[in-house]
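Enquirer: Just dropping this structure here.
The values are calculated or read from the model by the stated rules, or taken from the named source; none is laboratory data. Just so you know, these numbers come straight off a predicted model, no measurement behind them. Positions of Cβ are generated from backbone atoms using ideal geometry, with glycine treated the same way; all protein chains shown enter the neighbour counts. These area figures cover heavy atoms from the full protein model, side chains too; ligands, DNA and RNA do not enter into them. Shrake-Rupley method; radii C 1.70, N 1.55, O 1.52, S 1.80 Å.
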Amino acid sequence: MDRRVLPQARGIARASLPWRRVALGAAIAFGLVAAAPLSAQAAAPAACAALQEKYPDWKGKTLVNAINPHTPGYETIDPKDPSKYIGFDVDLGEAIGECLGFKLTYKPVVFAALLTTLSAGQADIVISDIYATKERAKAADFITYSKVFDGVLVAKGNPKGINGINMSMCGAAAAENTGYVEVPLVQALAPECKKAGKAEPTVQLYDNNANCIQAILAGRADTYVNDVNTVDSAVKAYPDKLEKAIAVTIPYSVGIAVPKDKPKFRDAVLAALIEVQKAGTHMELLKKHGLDVNNFKEPDILTAD
């Protein structure tokens, strides 16, 4: 299983990506602590060498990725080694970094602080399952890379009969992450519920997915709406206590956030992501981490303009 070292660790352990091929069976390159790390040209597609010439500013650098490491499959603390991170976003970010010649270290923050950490210059990039929206694009530019399908998590048996982000949520308590796009979607139901003579839904805000899931398990909340892979992971972990009521389409894409004042870096990340997808790495990583391959999308740029 791939592992990534937390910021306080001495080095960054870089596990094997599909591009890496080491002669004579040597299968692991150890990043900063490697005795003989591979060159970017040897490790990545030939097109990446051209990108490093076109965008030389980041070659050989170590950048900071702000993440909220509480989303199984995407970015979490490695349960076998709490000094490291694992997940699709971690691997994808390092594949992009390998293509452009930079390495990544990580700054864990609560979800609501991801973009403020970026804007404050405490991070260089955010690859952390964050939905790209026009509102968020006021704070950062986005390179989108994944379609969004949300799942509606409920207690086993769905006692409140919730079947989507709709009137079935009237009177229900929804546990949500602070800053998530699902919060205003649930709140927007209040006028409709009131007009129909029903109780308004309430929203409980938490700092991470685990706390939202625990709110349902403890009976404090009736539902939790989030990425369908996160919901499926929760059901898998608690099959006798939780279930997915339904999957819903959300009109957003997941994106990589970069500073608004660094368009050259944005364009470099976009170009590298295109090469990562051409190499088949993106699809391989989705499968590796048990994520739905239907989430795959060709990259695009979203700005506030």
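Enquirer: Residue by residue through the range 234-288, note down the ones that are in contact with a Gly (Cβ under 7 Å, 6 or more places away or on another chain) and open to solvent by 50 Å² or more (accessible area, probe 1.4 Å).
Expert: Those that are in contact with a Gly (Cβ under 7 Å, 6 or more places away or on another chain) and open to solvent by 50 Å² or more (accessible area, probe 1.4 Å): Lys244, Ile246, Ala247.
Enquirer: Restricting attention to the range 110-133, which residues are over 14 Å from Tyr180 (Cβ atoms) and either outside the structural domain of Asn68 (by the TED database) or more than 13 Å from the chain's Cα centre (by Cα) (or both)? Can you show your working first?
Expert: Kept after step one, since they are over 14 Å from Tyr180 (Cβ atoms), are these residues of the range 110-133: 116-127.
Within the range 110-133, Thr116, Thr117, Leu118, Ser119, Ala120, Gly121, Gln122, Ala123, Asp124 meet the criteria.
Enquirer: Is there a residue being touching a Gly at 6+ places or on another chain (Cβ under 6 Å) and either farther than 30 Å from Cys193 by Cα or at pLDDT below 95 (or both) anywhere in the range 108-116?
Expert: Let us first name the residues in the range 108-116 that are touching a Gly at 6+ places or on another chain (Cβ under 6 Å), namely 111-112.
With the extra rule that they be either farther than 30 Å from Cys193 by Cα or at pLDDT below 95 (or both), the set shrinks to 111-112.
Yes, there is a match, as at least one residue in the range 108-116 is touching a Gly at 6+ places or on another chain (Cβ under 6 Å) and either farther than 30 Å from Cys193 by Cα or at pLDDT below 95 (or both).
Enquirer: Test of understanding: among Asn177, Asn211, Asn158, Asn166, which residue is among the polar types (S, T, N, Q), open to solvent by 10 Å² or more (accessible area, probe 1.4 Å) and under 28 Å from Lys287 (Cα atoms)?
Expert: Asn211
Enquirer: Then there's this: How many of the residues making up the range 134-158 are more than 14 Å from the chain's Cα centre (by Cα) and touching a residue at least 24 places away in the same chain (Cβ under 8 Å)?
Expert: Qualifying residue count, the range 134-158: 15.
Enquirer: Another question, if that's okay. So Pro184 passes all but one of these: (1) open to solvent by 50 Å² or more (accessible area, probe 1.4 Å); (2) touching a residue at least 40 places away in the same chain (Cβ under 8 Å); (3) within 29 Å of Asp300 (Cβ to Cβ). Which condition number does it fail?
Expert: Status for Pro184: all satisfied but (2).
Enquirer: Restricting to the range 137-149, count the residues that are farther than 19 Å from Leu92 by Cα, touching a helix residue (DSSP H, G or I) at 6+ places or on another chain (Cβ under 6 Å) and either assigned by the TED database to the domain that holds Asn229 or open to solvent by 10 Å² or more (accessible area, probe 1.4 Å) (or both).
Expert: Matching residues across the range 137-149 total 2.
Enquirer: Shifting gears a bit: For the range 136-147, how many residues meet the condition of being charged (D, E, K, R), outside any helix (DSSP H, G or I) and modelled with pLDDT of 95 or more?
Expert: 1
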